[in-house]
Every structure is written in C-alpha cells, then in structure tokens.
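Following: one structure in structure tokens, then a few remarks.
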Amino acid sequence: MSSAFLDEANITLDDLKFLLDGGILVDLSDGEYIHPFRLSSDALNYIQHRLK
C-alpha cells in the first residue's frame, strides 16, 4: 500500500469495512518494512458524523 504510488485502487470494500470497525491493515508489500494503517478515534468519529 505505501511502498509505491499505484495507478489503481488497492483498498477493497472489505478492507474499508475492517478499518471502519477499528481494525488495523498491515502492508508488507515492499518486502522490507511493516506499514500498519489504522484510523484514529477522531477519524472514526468524523466519518460517523459525516454519514448521518
């Protein structure tokens, strides 16, 4: 996810749902570093209020 700029989308609907449920996505695609992605509580609150 973060090792290169891609031309196509790489976060699926299932990934998005997982993030919105507070899950952590882990990117190992560059073969060297671990890149965890998790939405902060502020980001989750923003999304929750934005969708109302």
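Read-outs throughout are calculated quantities, based only on the coordinates presented, and are distinct from any laboratory measurement. These numbers come from a predicted model, not from an experiment. Cβ: placed from backbone, ideal geometry, glycine included. Neighbour counts: every protein chain shown.
At-a-glance table
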item	result
Size of the chain as Cα extents on the principal axes (Å, biggest first)	39, 21, 16
Dipole of the chain, positive direction: furthest Cα of Leu51, Val26, Phe5, with charges on the beta-carbon	Leu51
Residue-averaged [θ]222 nm for the chain, counting only DSSP H segments that reach four residues, each worth -39500 (n - 2.57)	-10000 deg cm²/dmol
The chain: chymotrypsin sites (Phe, Trp or Tyr not before Pro) falling in loop per DSSP and having at most 14 other Cβ within 10 Å	Phe5, Tyr33
